[in-house]
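Data block below; observations after.
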Amino acid sequence: MMKYFHRQVQLWGEETQQNLQSKKIAIIGSGGLGSSLAFALGASGIGEIHMVDFDEVSLHNIHRQIAFKTGDEGKNKAQINAQLIEQRCPFTKAIAHDCDFAGWAAKNIEVDLIIDATDNLPTRGEINEYAKEKNLPWVYGSVEAFHGQVCFIDESSFSDAFKIIQKTPAGIAAPIVMHIASLQANLALRFLAGLSVKKDMLYYLYFNDEGELITQKFTLPK
């Protein structure tokens, strides 16, 4: 196993890499963010990853949801991502859940971290409520157009910081999806590896009118 993870072992040592085998996470949503998260975290050596999504692949998903290819239309997104994870890493167990978040929550599965890869505010409110009940941290991420947000939520409350409403999103550029998922994955992996993580800090990234990438930071209320 250590030969497979040679470059990560160089980063944090064999003990930390071995400890990742005991960690369990849930990725809620298996589309744009979820596909990129599956790539980023699925080969990192986390012991168990639960992919949750009731949705099926549509043609318009494929350009930005990197787990899918033409011919996958009609297949469950969570199942494809779980298969991909296990193909990339023989040391990770990936479990697909063909259901929404409420359906997964009802199963009462113990995990160390929840990662939000959804595309709507009400479900994020449900994740927040569940995480508070279970005393779990979770990683929030969202994308729209050429901008995105990410936050490791621990003591703060998403529902207090964001008004949970229905919102029709703008279009989405594929690279920003991968970028935000990468930031989420880095926060998740640092936490699971026992490294320091800045918690309850919202990072907002966007391109201004001159094409400059701007990053702003906001401390969420606790």
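The values are calculated or read from the model by the stated rules, or taken from the named source; none is laboratory data. The structure displayed is predicted, hence computed values, not measured ones. Here the Cβ positions follow ideal geometry from the backbone for every residue, glycine too, while neighbour counts run over all protein chains shown. Just the protein is used for accessible areas: all its heavy atoms, side chains included, with ligands, DNA and RNA removed. Shrake-Rupley method; radii C 1.70, N 1.55, O 1.52, S 1.80 Å.
Dipole orientation for segment 47-175: of the candidates 131, 95, 170, 170 has the Cα lying most toward the positive pole (charges on Cβ; Lys, Arg +1; Asp, Glu -1). The listed residues 84, 11, 41 rank as 11, 84, 41 when sorted by accessible area, largest first, using a 1.4 Å probe. The mean sequence distance of close C-alpha pairs (under 8 Å, at least 6 residues apart), as a share of the length of segment 1-154, puts its relative contact order at 23 percent. Rounded to whole Å, the principal axis extents of the Cα atoms in segment 171-222 read 38, 25, 18, largest first. Summarising the amide proton neighbourhood of residue 95: residues at separation of 5 or more, or on other chains, whose placed amide H is nearer than 5 Å comprise 49, 50, 51. Taking a cut-off of 22 Å, what percent of all Cα-Cα pairs in the chain are separated by more than that? So the pairs more than 22 Å apart make up 49 percent of the total in the chain.
A probe of 1.4 angstrom, applied to the heavy atoms of all protein chains, finds residue 64 with accessible area near 40 square angstrom. Averaging 1/r across all pairs of distinct Cα atoms in segment 1-84 and inverting the result yields a Kirkwood radius of 13.7 Å. For the chain, a simple Cβ point-charge model (Lys and Arg +1, Asp and Glu -1, everything else neutral) yields a dipole of about 460 debye relative to the Cα centre. Considering every pair of different Cα atoms, what Kirkwood radius, in Å, is found for segment 107-218? Mean inverse Cα-Cα distance, inverted, gives 14.7 Å. Across the options 147, 43, 82, the greatest Cα extent toward the positive end of the charge dipole of the chain (unit charges at beta carbon of Lys, Arg, Asp, Glu) belongs to 43.
Residue-wise HN-Hα couplings along segment 147-160, as the Karplus relation 6.51 cos²θ - 1.76 cosθ + 1.60 with θ = phi - 60° gives them from phi, are 9, x, 9, 8, 7, 8, 9, 10, 8, 6, 10, 4, 5, 7 Hz; Gly and Pro carry x. 3J(HN,Hα) couplings calculated from phi for segment 130-144 with the Karplus curve 6.51 cos²θ - 1.76 cosθ + 1.60 (θ = phi - 60°) are, in sequence order, 5, 4, 5, 5, 8, 6, 10, x, 8, 10, 8, x, 8, 9, 6 Hz; Gly and Pro show x.
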